Each structure stands twice: as C-alpha cells, then as structure tokens.
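Peer 1: Following this message is one structure expressed as structure tokens.
The values are calculated or read from the model by the stated rules, or taken from the named source; none is laboratory data. Model, not experiment: these values are computed from the prediction. FYI the Cβ positions are ideal-geometry reconstructions off the backbone, even for glycines, and counts take in every protein chain you see.
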Amino acid sequence: MTDRILIVDFGSQVTQLIARRVRETGVYCEIHPFNKVTEDTIRAFDPKGVILSGGPASVTGTDTPRAPQGLFGMGLPVLGICYGQQTMVAQLGGVVESSDHREFGRAFVDVNAACALFEGTWAVGAREQVWMSHGDRVTALPAGFSVVAQSEGAPYAAVADDERKFYGVQFHPEVVHTPHGAQLLKTFTHSICGCVGDWTMDAFRETEIAKIRAQVGSGRVICGLSGGVDSSVVAALIHEAIGDQLTCVYVDHGLMRQGESEQVTRVFRDQFKINLVHVDASDLFLGLLAGKTDPEEKRKIIGKTFIDVFEAEAQKIGGADFLAQGTLYPDVIESVSFTGGPSVTIKSHHNVGGLPERMNMKLVEPLRELFKDEVRALGRELGLPDEMVGRHPFPGPGLAIRIPGQEITREKLDILRKADAIYLEEIRNAGLYDVIWQAFAVLLPVRTVGVMGDGRTYDYALAVRAVTSTDGMTADYYHFDHQFLSRLSSRIINEVRGVNRVVYDITSKPPGTIEWE
Ligand code: XMP
C-alpha cells in the first residue's frame, strides 16, 4: 500500500490546502473530521504520520475539540498546526492561554534551535517569513519539548520533541504566504514520517483501473458526458478499464457553446472509440424553456428534463448496472461545522442527484479521492486534449443562465455563441486563459442605440465577464488592460450581427455571483 498521512480537521478554512501540499509531494493523504477520529480509525487508516489542522475553537474553552489522547502513544510522528499545536501541547501537559496580542497575517519568526523539521530549510539564527492567524498561544511546554522558533506575538512559534517526533507550529505552513511552508511539510512527511512520495497520477491510474474492474465485473456502466473536465476524465478512465462495457450519453440541450458538441463527439467517439450516444434534445429543451424568464424556473426545467432524457436513453440501450459520476474529493470531505444550521440557497445548482436511486443503479466514482488539479493531471496522463482538461468550468444549465431575465431563443443563443467564441479566442491569443478561472459573455435584456457607417442601429448590449478564483466560492474580476478590451469590443461589434455595445463586468464575488443569474 502507498504511504499515507492522516490530516485531522479541526475546522480551519485552509485544511484542504494541507492536503494539497502533501499530495503535491507524491504522498497520499486524507482529511478526517476530528469528531470521527479515534485510536481505532487511525489504526485502520494506518498512516505514517498525522497532521493536526488549525481551527476556530479555543483550547482554553470548555468542551472544545481534542485529538484522541491515544494518538500520542502510537509511536507516530505528529505535526500540530495552530489549533493543532495548541491542543497537542495542552493534551501532553503544557499550557495554552488566551492572549491580548493577536497575530493575523504576515509575521517573522527567529529560528533559535535546530530540529528535524527545519533540517535543510531553516538555519539557526535566520529570520523567516510566515503567516499567522491566532488569538491563543502556548505559554508552557510539556516535558520533552523545546522551543525552536519564536516571533514577537508567539514565543512558542515552533516547538519540537525530536525524540518522539512531535512538532507544533503556531503559523500556517500550508499557505503560500509562508514561503518555505511547503518544504517544511515535505520534510515532515518524507524525512520524519519516512514517506517515499510514489503517489503519482500514473500509479493512481493503474490502481484505479484495477478497482473499477473489480467493482464492475462484467456489468454495464453508463456515464453522462458533459464535455467538462470531470466527466471527460471519468469516461476515459473507465473506458480504459472496461472498454465496451461502458456507454457514454451526451445530452445536448442546445445550450452549449460554439463547437462543444462537435468536440465531444470527435474526442470520444472518433479518437477514444468509446460507445457514445449523442442525443440532440435541443428542440425539447428549448420548447420547454419557451416563455420562461425566471432563473430558478429555468434551472428546474433543465435539471428535470436532463434526467428524463438521460433515463430514456439508458432504457433504449437496455439499462446499466452502474452509473459513473465525476464526484471529486472536495465534494466528499465531511466538513466540520461550528455554526450548524442550514445556509441560504443562493442558486439551486443543477446536477443529476437522485438519478441512481430512481434508476436503481450503483455508483462508480473513480475521482472521489482527487482534487481538481489532480483530475487534470490524470486527464493528461490518459491522453485527453489539453483544451479539454484545462477547460474553465461551465454551468450545467449552459447558456440559458447567460441570457438573463428574458426568453431564450435560437436567435439569441446564436448571437451569444458567436460573441462568446470571439471573447475566448481573444483570451487564448493573449495567453490569459489559464490565469482566468472563468470567462464568458452575457446577452443582456436591453437594446441600445448605436451608429454604424451612416446608419442608426438598435441592437443588444452584451456584457463580458472574467474572474479569478481558486474554488468559485469567492472571486475577483480580472483586470484586463484597456487595449485588450478595446480590441475585443470592436471585434465583437464588427463580427457579431445583433450586438452594438459591449460592457465589462467589474463586480467581485461577493457581492456579485459569478454567473449573472
Ligand atoms: P455562482 O454564479 O453561484 O457560480 O457564483 C459559482 C460556480 O458555479 C457555476 N454555476 C453552476 N454550475 N449548475 C452548475 O453546474 C448551475 O446551475 C450553476 N450556476 C452557477 C458557475 O459557472 C461558477 O463556476
């Protein structure tokens, strides 16, 4: 079995980043919520070491989270980060106090003693930049520990017990603002825990193919292909495992961007030789959407119709035993909730939830352990074209939510498709596609007066949007230079009949959302 590291989550906003950093060095790890971790679950997981994450609670409060006490007697290396350091110190007999001197953001630590964690990265006497975010701090150490780095606000910024391989840092090594943080984590997992770092996408592909074969046997698998990264990688991987036992269904709702349906057919049917059912259901979808302008109503119609069409196609091919889904690790990680209570629904994102129960199929979810960037690496490994694996996210309801507040017609879809294609082409030509999270055009429900040649025009206004983001939860609008925007607006107005005005959306999320509706 590959080496693995267990990350015990105490609810920090950045726990996922610890996992990303560890995996980037070729070590498999999982995040488990603190309230599900016991000595037995640790033993069953069989890690080479354990990382305790940060978290919003205070060790000084009553009834706040703890690591299982038995962890410290298992002979495993432990690294505590922020709250993780504090609880480890408190559980081993040290003292943690609330402090008036809170430290948030960039700070500097003085390295005042050597320890295995700093080996090869930080020298004694150096002053190093870190990122802090804490109110409480350690004030007395348990036996066996010594201070190895200090900052103004944290006299115990890093503590170590080399004998037992226990380390605690008050700062966050997992964020990029701690420039050597990734290296410190690597030292922990590789040198201290002894992980080899052989968890690569190549190795993952092999083990996953074996798992899929074992799970599916001679059964039949059906996969809904959307042309997006996740379903494309799922399809390519499962096809490699079981060949013709897989059938992919591509439901074309008529709301795709220019050239997308052709690309899906070309790559999967022609290049990969996958059984692909391409259903042109655009008449059905557009018929049902006629006259509808409310965003939630549009989403519901599209979601329900998608399921109906998919189910009908599955029946036509004689059904299947398994449904393949592109569920990713961030969807699976159980989050630690301190606030409780339901959050407000801003938008009901369309997905095919409920389908497996309705059709009585079991799930095949080969990407359940992967983050998005790992899925992309796997896609490249499987030979999918770069433009497919590097593709921006595209919403399930497609262009329907990019024609806001108005009826969707083929004419409007055509205009939007042309403008959107020019926009993406300009972004690619400028070498900006990969630094932008999502970029798209929005056809506005307003006509404006213009003048072209000697004539008056009265055409649509079009908005263009581009945002940077790491997860779609928050986003900033992209700061294009004005030359780019000028070239774009003149190209769109000259080349797309029906548009005579282009505006740029300068709203971040929050307060805006990424899509307009
Ligand atoms: P918002 O607009 O909520 O979007 O800021 C966040 C991310 O989700 C995508 N999005 C959707 N994806 N079905 C989807 O599958 C939807 O109904 C939907 N609405 C928004 C959006 O493109 C962005 O990546």
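Peer 1: Kindly indicate whether ASP420 is acidic (Asp, Glu) and away from the ligand (no atom under 16 Å from the Cβ). Explain how you work it out, then say what you get.
Peer 2: Working: acidic (Asp, Glu): yes; away from the ligand (no atom under 16 Å from the Cβ): no.
Taking the combined requirement at face value, the residue does not satisfy it.
Peer 1: On to the next question. Quickly run through segment 94-125 and pick out the residues that are within 19 Å of PHE166 (Cα to Cα) and of a type in the set (D, E, K, R).
Peer 2: Listed by number, the list holds a single entry, GLU119.
Peer 1: Going by the structure shown, is SER261 assigned by the TED database to the domain that holds LYS304 and in contact with a Gly (Cβ under 7 Å, 6 or more places away or on another chain)?
Peer 2: no
Peer 1: Over 19 Å from GLN183 (Cβ atoms) and either over 35 Å from the mean Cα position of the chain (by Cα) or not aliphatic (A, V, I, L, M) (or both): which single residue out of ALA154, ALA113, ALA126, ALA140 fits that description?
Peer 2: After applying the criteria, what remains is ALA140.
Matching residues to (1) aliphatic (A, V, I, L, M); (2) closer than 23 Å to TYR329 by Cα:
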residue: THR15; (1), (2): no, yes
residue: VAL59; (1), (2): yes, no
residue: PRO68; (1), (2): no, no
residue: VAL78; (1), (2): yes, no
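Peer 1: If you check ALA203 against the conditions, is it of a type in the set (A, V, I, L, M, F, W, C) and modelled with pLDDT of 95 or more? Break it down stepwise before answering.
Peer 2: Numbers: of a type in the set (A, V, I, L, M, F, W, C): yes; modelled with pLDDT of 95 or more: no.
So ALA203 does not fit the description; no.
Peer 1: Among the residues of segment 398-417, count how many are within 16 Å of the ligand (Cβ to nearest atom) and under 13 Å from LEU462 (Cα atoms). Step through it out loud before you land on a result.
Peer 2: In the first step, residues of segment 398-417 are kept if they are within 16 Å of the ligand (Cβ to nearest atom); the result is 398-405, 408, 416.
Filter once more, so that each one left must be under 13 Å from LEU462 (Cα atoms): 402-404, 416.
Result for segment 398-417: 4.
Peer 1: So, one more: Do the conditions hold for THR293, that is, is it surrounded by fewer than 17 Cβ atoms within 10 Å (Cβ to Cβ), at pLDDT 95 or above, at negative phi and not hydrophobic (A, V, I, L, M, F, W, C)?
Peer 2: yes
Peer 1: Name, by its number, the condition in (1) under 30 Å from GLN129 (Cα atoms); (2) crowded, with 22+ Cβ neighbours inside 10 Å that does not hold for PRO179.
Peer 2: (2)
Peer 1: Can you tell me which residues in segment 453-474 are at pLDDT below 95 and away from the ligand (no atom under 16 Å from the Cβ)?
Peer 2: GLY453, ASP454, GLY455
Peer 1: Now a separate question. Just wondering, is there one or more residues in segment 268-288 that are in contact (Cβ under 8 Å) with a residue 40 or more places away in the chain, of a type outside the set (Ser, Thr, Tyr) and touching a Lys or Arg at 6+ places or on another chain (Cβ under 6 Å)?
Peer 2: Yes, there is a match, as at least one residue in segment 268-288 is in contact (Cβ under 8 Å) with a residue 40 or more places away in the chain, of a type outside the set (Ser, Thr, Tyr) and touching a Lys or Arg at 6+ places or on another chain (Cβ under 6 Å).
Peer 1: Within segment 75-87, which residues are over 18 Å from VAL14 (Cβ atoms) and under 33 Å from the mean Cα position of the chain (by Cα)?
Peer 2: Once the filter is applied, which keeps residues that are over 18 Å from VAL14 (Cβ atoms) and under 33 Å from the mean Cα position of the chain (by Cα), segment 75-87 yields LEU76, PRO77, VAL78.
Peer 1: Shifting gears a bit: Would you point out the residue of segment 384-397, among those that are more than 9 Å from the ligand (Cβ to nearest atom) and either on the phi > 0 side of the Ramachandran plot or not charged (D, E, K, R) (or both), that is surrounded by the most Cβ atoms within 10 Å (Cβ to Cβ)?
Peer 2: Narrowing segment 384-397 to residues more than 9 Å from the ligand (Cβ to nearest atom): 384-391.
Next, from what is left, pick out any that are either on the phi > 0 side of the Ramachandran plot or not charged (D, E, K, R) (or both): 384-385, 388-390.
On the way: LEU384: 23, PRO385: 15, MET388: 20, VAL389: 20, GLY390: 14.
The selected residue is LEU384.
Peer 1: Please find, among VAL159, VAL147, VAL169, the residue that is under 18 Å from TYR83 (Cα atoms) and surrounded by fewer than 24 Cβ atoms within 10 Å (Cβ to Cβ).
Peer 2: VAL147 is the lone residue from the list that is under 18 Å from TYR83 (Cα atoms) and surrounded by fewer than 24 Cβ atoms within 10 Å (Cβ to Cβ).
Peer 1: I would also like to ask the following. I'm trying to understand the selection: among the residues of segment 199-228, which are assigned to a loop (DSSP other than H, G, I, E, B) and over 23 Å from the mean Cα position of the chain (by Cα)? Spell out the reasoning first.
Peer 2: So in segment 199-228, the residues assigned to a loop (DSSP other than H, G, I, E, B) come out as 199-200, 217-220, 225-228.
The answer is GLY217, SER218, GLY219, ARG220.
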